[in-house]
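Here is the structure we will look at.
The values are calculated or read from the model by the stated rules, or taken from the named source; none is laboratory data. Since we're looking at a predicted model, the values are computed, not measured. Here the Cβ positions follow ideal geometry from the backbone for every residue, glycine too, while neighbour counts run over all protein chains shown. Surface accessibility is based on the protein's heavy atoms, side chains included, excluding ligands, DNA and RNA. Shrake-Rupley method; radii C 1.70, N 1.55, O 1.52, S 1.80 Å.
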Amino acid sequence: KTGVFTYDPGFSSTCSTKSAITYIDGDQGILLYRGYPVAQLAEHCSFLEVAYLILNGELPKGQELQNFDSSIRKHTMINENLNRFFEGFNYDAHPMAMLTGVVGSLSAFYHDTTNNKDPRHREIFAHRMIAKIPTIAAAAYKKYYGQPFMYPQNHLDYCSNLLHMMFAVPAEPYHVNPIAAKALDILFTLHADHEQNASTSTVRMAGSTGTNPYAAIAAGIAALWGPSHGGANEAVLTMLDEIGDVKNVQGFMDKVKDKNSGVRLMGFGHRVYKNFDPRATIIREQCHKVLQALKVDDPKLELAMKLEEIALSDDYFKARKLYPNVDFYSGIIYKALGIPVNMFTPMFAVARTVGWVAHWIEMVSDPAMRIARPRQVYTGAAERTVSPIAQR
Ligand code: SDX
């Protein structure tokens, strides 16, 4: 079937990749990381606990989490030459363009990890990548807004460190709001992995050739950027801005239902979830809690809820099993945390780095791994004979 991507790293070509990391039941709206429901993980665990689980297959015990956390903190800084990479970008370069370029260039600094058969090299890659992606994302934000880079502060937890690197300035002290850090921690858990989505499949496809893993992660960042994938969280806020007011919702919905308009309800629909996206349910609840706790009154939340209410009662959407996905409400929370729209997808990339790294390790650790080589349905001309140009 055209458009169906069958990935074949050594398995039969009729099935896709095997993986033990994440389980999705799209009809039941079930999402498990290593067997644990994502709602329970979001409620009871920190993002780093979940990162350890996704990487290692089990939730960490106290000392294991402490060792993992301190290893991540140890690797948060990036080579000073990397900071100079940002000088080459124009001020208005999109942060995802900067992330793609700078993460790819990590492969120029770390040659040891190309030896992906050595478990120690695989682990150091995992810790370096998870530790450095917030530093790079924060640097992209600072570059875009013309502010000096802020170095990591390793006494801070993972999400507080990211918020500090983004919003602190040398001129005055900055105290991270713990409500904001907790909200980000929950969002990162919900975005950490999602089995064979487009960006993770891209990382696995690139990684299956044996390329440097940092370069494979950069390929995943490029794939995530698209508005059909991780770029949707940014597109949702742009869409809400365009709609502007609840009175314009019905007119917008009519445009969406006109196939010729090419307009889609961003943040709705999913290739796998044909019921509800369990992450969207949690994020909607978090939206209300976070905006209330931060005393933010954002009319976009009311607009989004009206849009959802109309869509869920509309036959066009019900017939196509279109429900809110992970991107529909997440941007409203990011905005309440002071994160600008062009940094929404970089936030997604920070969280999904855990899944990308875990899938890369799972794949390269498999002795049966072979290079990915999808096939196609050929729709071109049948074989024919070339005639010399004088006869054409
Ligand atoms: C993510 O794969 C993952 O796991 C991704 C992700 C992850 O965690 O990695 O979950 C993250 O990418 C979530 C999706 C974010 N994207 C968006 O919100 C963009 C808007 N949604 C879409 O463009 C769309 O729904 C996709 C891309 C998500 C899915 O595209 P599909 O698989 O082509 O959609 P489909 O086959 O289910 O569509 C069925 C019908 C079609 O209409 P008909 O041709 O049958 O008449 O529904 C229509 C589609 O045109 N449709 C929409 C729609 N999504 C599908 N119509 C209006 N608005 C939409 N959002």
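Observations, loosely collected:
- Surface/4 of the Cα convex hull for the chain, nm²: 24.2
- Nearest-10 value in Å² for the accessible area of Met369, using the 1.4 Å probe: 40
- Debye log10 I(q)/I(0) at q = 0.17 Å⁻¹ for the stretch 79-213, Cα point scatterers: -1.09
- Over 17 Å [Cα-Cα, the stretch 157-217], rounded percent: 58
- For the stretch 58-151, the spread of Cα positions along the three principal axes, ordered from largest to smallest, is 43, 29, 21 Å.
- Solution diffusion estimate, µm²/s, Stokes-Einstein, the stretch 248-329, Kirkwood Rh from C-alpha pairs, 4 °C, viscosity 1.567 mPa s: 96
- Mean ellipticity per residue at 222 nm, deg cm²/dmol - from DSSP H runs of n ≥ 4 across the chain, formula -39500 (n - 2.57): -16500 deg cm²/dmol
- Spatial offset of the stretch 22-79 relative to the stretch 83-99 amounts to 30 Å, using the alpha carbon center of each.
- Positive dipole terminus of the stretch 189-309, leading residue within Phe252, Pro213, Gly267 (C-beta point charges): Pro213
- Put simply, the amide H of Phe268, placed in the peptide plane, has neighbours under 5 Å in Asn325, leaving out anything fewer than 5 places away on its chain.
- The stretch 10-97: C-alpha gyration tensor shape, a/c 1.5 cut-off, then a/b vs b/c: oblate
- GNM top mover of Arg370, Arg320, Arg352 - the chain, alpha-carbon springs below 10 Å: Arg320
- Part-to-part distance (alpha-carbon centres) for the stretch 218-240 and the stretch 113-135, which is given in Å: 25
- Cα gyration tensor, the stretch 155-263 - rounded (a/c under 1.5), prolate or oblate: oblate
- Surface composition of the chain: carbon plus sulfur atoms contribute 53% of the solvent-accessible area (1.4 Å probe, protein chains only, all chains present).
- Distant-in-sequence amide H partners of Thr22 (H built 1.01 Å from N, under 5 Å): Arg34, Glu195
- Computed about its Cα centre, the charge dipole of the chain is approximately 1000 debye, with only Lys, Arg, Asp and Glu carrying charge at their Cβ.
- Each Lys and Arg adds +1 at its Cβ and each Asp and Glu adds -1 at its Cβ; summed about the Cα centre, the stretch 284-329 shows a dipole of about 120 debye.
- Top of Gln147, Gln196, Gln63 by mean-square fluctuation, Gaussian network on the chain, Cα under 10 Å: Gln63
- Gyration tensor verdict on the stretch 17-66 (Cα atoms; rounded if a/c is under 1.5, prolate if a/b is larger than b/c, oblate otherwise): oblate
- Legend: calculated FRET efficiency, Ser70 to Arg264, from the Cβ-Cβ distance at R0 = 35 Å, rounded to 0.05, equals 0.20.
- Kirkwood hydrodynamic radius (C-alpha pairs) into Stokes-Einstein, the stretch 304-392, 4 °C and 1.567 mPa s, D in µm²/s: 68
- C-alpha center-to-center spacing [the stretch 350-392, the stretch 284-307] in angstrom: 43
- Comparing Ala192, Ala319, Ala280 in a Gaussian network model of the chain where C-alpha atoms under 10 Å apart are linked, the largest mean-square fluctuation is found at Ala319.
- For Thr17, the accessible surface of its heavy atoms amounts to roughly 20 Å² (probe 1.4 Å, protein chains only, rounded to the nearest 10).
- Projecting the Cα atoms of Ile179, Tyr36, Gln286 onto the dipole axis of the chain, where Lys and Arg carry +1 and Asp and Glu carry -1 at the beta carbon, places Tyr36 farthest toward the positive end.
- For Ile30, the residues 5 or more places off, or on other chains, whose built amide H falls under 5 Å of its own are Asp25.
- Average accessible area per residue (Å²) across the chain - probe 1.4 Å, nucleic acids and ligands excluded: 47
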